[in-house]
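Pasting in a structure now, in C-alpha cells, and then I'll have a few things to ask.
The values are calculated or read from the model by the stated rules, or taken from the named source; none is laboratory data. Keep in mind the model is a prediction, meaning the values are calculated, not measured. Using ideal geometry, Cβ is built from the backbone for each residue, glycine included, and neighbour counts are taken over all protein chains shown. Each accessible area value is taken on the protein alone, full model and side chains, heavy atoms only, with ligands, DNA and RNA left out. Shrake-Rupley method; radii C 1.70, N 1.55, O 1.52, S 1.80 Å.
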Amino acid sequence: SYTTDTKSREENKKTLENLYSLSVDITKIRRLKDWILLQDVAYVKEIAGILQEMGADETTVANIIERCPEAILHTPAEINSQRALWQLVCKNEKQLIKLIEQFPESFFTTEYQHNQKANILFLQELGLKNNIITRFLTSAPNIFYNPVEKNKNVIETLQRNYLNLGGSEANMKIWILKLLSQNPFILLNTSTAIQDNLEFLQKNGFTDQEVLQLLSKLKGFIFQLNSTTMQKSMLFSKNIFKCSDQELKQLVLKCPALLYYSVPVLEERLEGLLKEGISIAQIRETPMVLELTTQIVQYRIKKLSALGYDIKSGNLESLNGTKKDFEVTYGKIQSKKERPIFNPVAPLHIED
C-alpha cells in the first residue's frame, strides 16, 4: 500500500531525475497519478533496465511508464517473476514487450502471482491455446486473480450441465473452449448463478436441446444475467409482440437478445425502429434487428434509402448482421440497381 496523503509531502527528486533521464513526460504522471512521485522508494532505473533487456527501446520504455506509472513502484524481483509468468504463454520476448506496451496495467498487477500462475497452467491443461490465454491476460486479467479452485468449479459446473442437457462427451471439450474463447468473463460467475439461470430457462418451457442451443448462441452472456432481468425482458417482449408463450420461445431462440438485453435497452431500440417507420409486425418477423444499436440502424437505413431501397415495404433482413454482413448486402443491392434494364444481346420482339 502506498501513501496517498499528498499535502505535506514533496516530490522525490531522485525519482524525477531518473524519469527525466528516460525522457518520460512527467507532466502526464503529475496529471494522472501525482502521488507516485511522492513515494520514498521507486525503482525507475531497474524497471527500465528489465524492459530494455526484453528489447524495449527508449520511446517504448517512456510510453509504458507514462501509461502505467505504478510500474516504478514494483521491485525488480516482482517484475522478473511476472516476466517469467507471462513467458509461459508468450512466444518470445518481442511479443511480450509488445503486449506490455499495449496493456501495461495488466502486466504490472503483480499482487496475484500465485493465482495467475495456477490459472495459466489450468487453462493450458484445459486445452486453450497460448495465444488465447495471452488475450485473456490482457483483456480479462481479473479472471486470473481468482483462486484456481474457483475457476475449476465454474468449468466443472458447465461440463456437468452440458452433459445433463444432452451434449455429448466427444463435443464437450470443443464446446467449453469455444465458450471460454468467446467470453472469458463467465469465469467471474459463481456456479450457483450458472445453475439458477439454466433452471430458469427450463422452467420457462425451453427443452434441454433448446437450452444448449441458446448457450451456444449467447456466447456465455447468459451466465452474466439473472432470472429477474430475464423474466422482465421476456414479459416485455410478450406484451409488445402480443404472442403466446410458445411463440415467444421461438422468438427468443431466433433472437437471444430478447433475453439478455434489459427492458430499457429493448424499449430504446424498439422506439428507434418505430421512428424510422418500421412496424411491430416487421420487427416480429426479423427480431434480430434488436441486436443493433439505434445509431447503427439509422446509419444503415440512410445508406439503403440512398439506393432507393424502401425499408418500410421490404423485410428487415437487409439491416441485419455484422458490419461485414451489411456491406455484402449493401453491395448486392447496389449492383442490382446499377445493372442495365436493357439487355443489348437479347432479341428484340417487334410487333408487325
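Select from the stretch 15-37 the residues that are in contact with a helix residue (DSSP H, G or I) (Cβ under 8 Å, 6 or more places away or on another chain), modelled with pLDDT of 90 or more and open to solvent by 80 Å² or more (accessible area, probe 1.4 Å) and write down the one among them that is nearest to Glu66 (Cα to Cα).
Arg30
Another question, if that's okay. What tally of residues in the stretch 65-99 results from selecting those that are under 18 Å from Leu32 (Cβ atoms) and either part of a helix (DSSP H, G or I) or outside the structural domain of Ile47 (by the TED database) (or both)? Let's see the steps before the verdict.
We begin by selecting, within the stretch 65-99, every residue under 18 Å from Leu32 (Cβ atoms); these are 65-74.
When the remaining residues are screened for being either part of a helix (DSSP H, G or I) or outside the structural domain of Ile47 (by the TED database) (or both), the result is 65-67, 69-73.
Count: 8.
Has the stretch 106-125 got at least one residue that is over 18 Å from Lys150 (Cα atoms), more than 19 Å from the chain's Cα centre (by Cα), of a type in the set (A, V, I, L, M) and in a helix (DSSP H, G or I)?
Scanning the stretch 106-125 turns up no residue that is over 18 Å from Lys150 (Cα atoms), more than 19 Å from the chain's Cα centre (by Cα), of a type in the set (A, V, I, L, M) and in a helix (DSSP H, G or I).
Grab the helices (runs of 4 or more DSSP H) fully contained in the stretch 215-329, keeping just those with 3 or more residues being over 21 Å from Gly205 (Cα atoms) and open to solvent by less than 50 Å² (accessible area, probe 1.4 Å). It would help to see each step written out before you state the result.
Values: elements: 227-241, 245-254, 257-260, 263-275, 280-285, 294-306.
In the stretch 215-329, 263-275, 294-306 are the helices (runs of 4 or more DSSP H) which contain 3 or more residues that are over 21 Å from Gly205 (Cα atoms) and open to solvent by less than 50 Å² (accessible area, probe 1.4 Å).
While we're on this one: Testing Gln52 on (1) modelled with pLDDT under 95; (2) surrounded by 13 or more Cβ atoms within 10 Å (Cβ to Cβ), one condition comes back false. Which one is that?
Checking Gln52 against (1) modelled with pLDDT under 95; (2) surrounded by 13 or more Cβ atoms within 10 Å (Cβ to Cβ), the one that fails is (1).
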